[in-house]
Amino acid sequence: MKPVVSVIIPVYKVERYIGECARSLFGQTLQDVEFIFVNDGTPDRSMDVLREVMREYPQRSSAVRIVDKPLNEGLPAARKSGLELAVGEYVAHCDSDDWMEPDMLERMYTEASNHNADGVVCAWMRDNQPVATKYTREGVDCREFILPDMVAVGEMQSAWRYMFRKEVYSRGVEFPPCNQGEDHALMVQLAYRSRNIFCISKPLYHWRYNMESLTLAPSAQSVISRFEGACTNARQVEAFLDGNGQSECFSTQLTAMKLYCMFYLRPLLRKGEGVERWRKAFPEIRGKVLCNKSIIFTHKIEYLMDMYCPPCLIRAVYKLRSR
């Protein structure tokens, strides 16, 4: 039987967490599902743990597909590899250190079927605590509210909250080239290409605050690399909207998007470094930040400080804030 949903799960350095993730997937109440695990060159025992869990669910063995990539290429490339194999009517994404409620896929697929929806989004939990979310009006097409929030790098941009019809990916959607801000770049395109997006108010996805996935003391080069990757993906979003004649309609949100990309340089700014790189990143947003309704007040103040104060003062202010 052809699966109705394909779930794509990139795997990289999640040995401690993939067991819980896989069990939550194999325990889903929806049966017509395929699970595509993409081994993104993980150097640990993540894949061994996955295969151990698979033996606990022999009834799911025929629904599991594994893609072994020889090298780590990052999340966008891993998701693209999974999508190329997906045969389900709808596609969902799951991060391999997170987990799902048992009825998540069934609830989302039912919602999509009931409304002939191109996309469905659910509420979520940080670990086990529900997170307040803006758009949870079930039975209502929320696309016109979700899309501007996505462009402005708001709360609605995370890929793991969504299920999109696979056909939407073939409507001129391109995977982002870089590994920073990749959810944002992909989701904006999918939301724009969708005719409608319906919401589920119940929190169904558990996002894990995984400290191991964060570099607590990143090198200057890694900070710059992340910053440049985020800027490249942001330019892709801007080019996509401009190519569809929408850049003016989303000009306010695009300004916010660029500012939040600039904040990837914060680890250097806190040391009074990287200031010139910061100021040259998106010169076109100067004069557009203070009156921007998509940017919160504290971020406007931070922007002014980083843009116009000397590096020594910037370093001193960040030092005071960290106490």
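The values are calculated or read from the model by the stated rules, or taken from the named source; none is laboratory data. Keep in mind it's a predicted model, so treat the numbers as computed, not measured. Using ideal geometry, Cβ is built from the backbone for each residue, glycine included, and neighbour counts are taken over all protein chains shown. When the accessible area is computed, the model is the full protein with side chains, heavy atoms only, and any ligands, DNA or RNA have been set aside. Shrake-Rupley method; radii C 1.70, N 1.55, O 1.52, S 1.80 Å.
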- Item | Count of residues meeting criterion [more than 18 Å from His299 (Cβ to Cβ) and open to solvent by 50 Å² or more (accessible area, probe 1.4 Å)] in segment 227-273 | 11
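Within segment 292-323, which residues are in contact with a Ser or Thr (Cβ under 9 Å, 6 or more places away or on another chain) and open to solvent by 60 Å² or more (accessible area, probe 1.4 Å)?
Step one: list which residues in segment 292-323 are in contact with a Ser or Thr (Cβ under 9 Å, 6 or more places away or on another chain), which gives 292-295.
Listed by number, the list holds a single entry, Lys293.
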- Which condition number in (1) over 24 Å from the mean Cα position of the chain (by Cα); (2) under 21 Å from Met187 (Cβ atoms); (3) among the acidic types (Asp, Glu) is the one that Asp242 fails? (1)
- Would it be correct to say that Val14 is open to solvent by less than 80 Å² (accessible area, probe 1.4 Å), of a type outside the set (Lys, Arg) and assigned to a strand (DSSP E or B)? no
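Report yes if Arg171 is surrounded by fewer than 16 Cβ atoms within 10 Å (Cβ to Cβ) and touching a helix residue (DSSP H, G or I) at 6+ places or on another chain (Cβ under 6 Å), otherwise no.
On the way: surrounded by fewer than 16 Cβ atoms within 10 Å (Cβ to Cβ): yes; touching a helix residue (DSSP H, G or I) at 6+ places or on another chain (Cβ under 6 Å): yes.
Yes, satisfied.
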- Task: Kindly indicate the residue of segment 277-291 that is touching a helix residue (DSSP H, G or I) at 6+ places or on another chain (Cβ under 9 Å) and not in a loop (DSSP other than H, G, I, E, B) and also surrounded by the fewest Cβ atoms within 10 Å (Cβ to Cβ) among those meeting that condition.
- Result: Glu284
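In segment 185-206, which residue that is open to solvent by 10 Å² or more (accessible area, probe 1.4 Å) and of a type in the set (Ser, Thr, Tyr) is farthest from Trp124 (Cα to Cα)? Don't jump to the end; show me each part of the working.
First, the residues of segment 185-206 that are open to solvent by 10 Å² or more (accessible area, probe 1.4 Å): 192-193, 195-196, 198, 201-203.
Next, only the ones that are of a type in the set (Ser, Thr, Tyr) stay: 192, 201.
On the way: Tyr192: 22, Ser201: 9 Å.
That would be Tyr192.
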- Message: Whether any residue in segment 174-181 is surrounded by fewer than 18 Cβ atoms within 10 Å (Cβ to Cβ) and closer than 18 Å to Val5 by Cβ is what I want to check.
- Response: no
- Residue tally, condition over 16 Å from Lys13 (Cα atoms) and open to solvent by less than 40 Å² (accessible area, probe 1.4 Å), over segment 39-72: 4
- Task: Please work out if Glu52 is touching a residue at least 12 places away in the same chain (Cβ under 8 Å), assigned to a helix (DSSP H, G or I) and of a type in the set (Asp, Glu).
- Result: yes
- Query: When both residues are 6+ apart or on different chains and their Cβ atoms are under 7 Å apart, which pairs have a first residue that lies in segment 262-274 and is charged (D, E, K, R), and a second that is open to solvent by less than 20 Å² (accessible area, probe 1.4 Å) and at pLDDT below 90?
  - Reply: Arg270/Tyr318
- Query: Ile8 fails exactly one of the following numbered conditions: (1) open to solvent by less than 10 Å² (accessible area, probe 1.4 Å); (2) outside any strand (DSSP E or B). What is the number of that condition?
  - Reply: (2)
